[in-house]
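Everything below concerns the one structure shown next.
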Amino acid sequence: MITTLDSPTDIYNKHLSYDFNSVYDIISMEGKINKRLFATFTTLEDLDELVESVQVNYTIQYNKIFALQIVDSEEYVLTYNVDSGNVDSIPENTILLHRKKESNTLYTINALNELIKKLNGGVVDTSFKVDWNHYRNCILLTQHNSLKQLNTKIHKIIQLD
């Protein structure tokens, strides 16, 4: 099942409640992690302008930005790792994610907790093992306290100089 936003004309409206943390919440994490994986939701029309803005405002680790398309949607997501030392603010519609490399799964902590709860009979257990192969090439988010799985495919990989 593919779950995308209900209103494609207003896909970034704050009432949709994806795990958009406030700038202050993310900045207050300073010193707790060395790098941060950001995901910024955008449209195809705004993609190139967003790439330029991200390049100018952040030190991108690994010199790569990944542009992902949400399958069966007009949505795109830029993912990029930033050095924790140069984050004063974040772009609008940006969330902090974690990644499971073996399955290319991107997820928020809230979504991981909801997934574990769903798979483990309603119990959140930090020792529960998730079979990440069931969640290949997707982003796991929460919306109104429900788990949402956004299947993705690579639109392009931007190699920075």
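FYI, it's all coordinate maths here, none of it is from the lab. What you see is a predicted model; the values in this text were computed from it and never measured. Cβ sites come from the backbone with ideal geometry, for glycine too, and all protein chains shown count toward neighbours.
Worth a mention:
- Placing a pseudo-label 7 Å from each Cα along the Cα-to-Cβ vector at Glu49 and His134 gives an inter-label distance of 4.1 nm.
- Look at Glu74, Glu49 and count the other Cβ atoms within 10 Å of each Cβ; fewest to most, that gives Glu49, Glu74.
- Net lengthening on full extension, Glu92/Val123 (0.36 nm per residue, minus Cα-Cα): 7.8 nm
- Residues with amide H under 5 Å from that of Val71, placed H, sequence gap 5 or more: Asn151, Thr152, Lys153
- Ranked for footprinting exposure by Cβ neighbours inside 10 Å, fewest first, Val54, Val71, Val87 give Val71, Val87, Val54.
- Listed pairs Lys101/Lys129; Lys35/Lys117; Lys129/Lys156; Lys64/Lys153 exceeding 25 Å between Cα atoms: Lys35/Lys117; Lys129/Lys156
- Arranged from fewest to most other beta-carbon atoms within 10 Å of their beta carbon, Phe41, Phe66, Phe128 become Phe128, Phe66, Phe41.
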